[in-house]
Amino acid sequence: MGQQDKGVPPNFYKGTSSSIATWLHKNSEDYAQAIKRITAYMNRAAGNLSDADTKRLEDAKVKLKKLYQREAAVKVQQWGRRNEYDVSFLKMLVHAIVDIVPGAKDIPLTVEFRERGLTAEGGHFLGKHEWDQLKDHHTIVLDKKQALKHIADTVAHEIGHAVQYRNKQLSRGPSPTGEHGWIWEGRWFPMTTELKHDDRPWEVDARRYEAYGAQALKVLQDQGLVPQSSGDKMQEQWKAKGLIPKNPVTMGDLDGLPDDQVMQIIKGLKGGTMTETEAWEIINAAK
Ligand SMILES: [Zn+2]
């Protein structure tokens, strides 16, 4: 790469170390290529770089290395069809959460977004965390069909559990009599504890972490990095085509109407044999 780096925006290398690192991380094939681009620029500009310029570009290299290290520690995957968000955005979200949760930075972690969260027993979960102690690796599995706000909360909550295990606040182990259970801050709880799931002290503690999810989401929103959901896009298209009425009939509007009229309206609206205006006429006449 002896020539000008044509891939970068104008005056790119005059930016801050963070902006240079972030952009190269996003737009390079790998760490080696990203570093090469900075180095090639520094070689070309050698005679014209002030000490401050050199320092800024060296800082960018350090930041770049950290970004790639973080990426190596945290893997994000998505499974199944009908993805509301693409994996590059989910990655950004998970990284943003890892960045602000105290103690989360160096956790070897995989976050999997799955079609739905089903347990072996046929139960349903929104998120769960597992720690493979032999491999020293944490895996978080999430139901990907949640509103974005809940995805962020759930990721942060489950990362909270990973931190609890790593801090040795929480562990699994037997009681003095050999019965299996959890140990939370030195106190032993049997697997068969009568405490409800949400009342267990490590769950109370994990809920504290959910605020970091909201905070990370806000950071991305403020930077304009949160994409529109497919539901939002569809609403917009419908509105543009005039398919969304100004005053749509909702179930609440049908409260107090006789059952046969409720059925007539629901069937009519769903089947397209009745307009919203006609439905409103029936509702208003009945009230
Ligand atoms: Zn939990």
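If I fit a long axis through the Cα atoms of helix 230-240 and take the longest principal axis of the Cα atoms of the chain, what angle between them do I get, 0 to 90°, rounded to 10?
Orientation of helix 230-240: about 60 degrees from the principal axis.
Find the relative contact order for the chain and round it to a whole percent, using C-alpha pairs within less than 8 Å whose residues are 6+ positions apart.
In percent, rounded to a whole number, it is 12.
How tilted is helix 87-100 with respect to the longest principal axis of the chain? Cα atoms for both, answer in degrees (0 to 90, nearest 10).
Helix 87-100 and the main axis of the chain meet at about 70 degrees.
Taking the Cα centre of the stretch 12-71 as origin and charging only Cβ (+1 Lys, Arg; -1 Asp, Glu), how large is the dipole, in debye to the nearest 20?
So the dipole magnitude of the stretch 12-71 works out to roughly 80 debye.
Please work out the Kirkwood hydrodynamic radius for the stretch 104-240, using every pair of different C-alpha atoms, and report it in angstroms with one decimal place.
On the way: mean 1/r = 0.0592 Å⁻¹.
It works out to 16.9 Å.
Can you return the lysines within cross-link range of K63? Criterion is Cα-Cα under 26 Å, with same-chain partners fewer than 8 residues away left out.
K6, K14, K26, K36, K55, K75, K91, K105, K218
Taking amide H positions as placed in the peptide plane 1.01 Å from N, state which residues far from G127 in sequence (5 or more) or on other chains have amide H under 5 Å from it.
Counting only residues 5 or more places away or on other chains, the set is D143.
For the chain, with the dipole built from +1 on Lys and Arg beta-carbon atoms and -1 on Asp and Glu ones, taken about the Cα centre, which of G224, Y165, M234 lies farthest toward the positive end?
The listed residue farthest towards the positive side: G224.
When each pair of different Cα atoms in the stretch 12-71 is counted once in the 1/r mean, what is the Kirkwood radius in angstroms, to one decimal?
After inverting the mean inverse Cα-Cα distance, the result is 11.3 Å.
Over the stretch 79-222, calculate the relative contact order: mean separation of alpha carbon pairs under 8 Å at least 6 apart, over the residue count, as a percent.
Once divided by the residue count of the stretch 79-222, the mean separation gives 24 percent.
For the chain, what percent of Cα pairs sit more than 26 Å apart?
Of all Cα-Cα distances in the chain, 62 percent exceed 26 Å.
Please check which bits of the stretch 22-53 a label hung off D99 would reach, taking the label as a point 7 Å along Cα-to-C-beta and the cut-off as backbone N under 14 Å.
Answer for the stretch 22-53: 22-26.
Pick from H197, H25, H161 the residue whose mean-square fluctuation is largest in a GNM of the chain, springs joining Cα atoms under 10 Å.
Per the Cα network of the chain with a 10 Å cutoff, H197 tops the list.
Between helix 51-73 and the chain, what is the angle of the helix's C-alpha long axis to the longest principal axis, kept within 0 to 90° and rounded to the nearest 10?
50 degrees
A short reminder: the numbers here are calculations on the coordinates, not readings from a lab. What you see is a predicted model, and the numbers here were worked out from it, not measured in a lab. Here the Cβ is made from the backbone with ideal geometry for all residues, glycine too, and neighbour counts use every protein chain on show.
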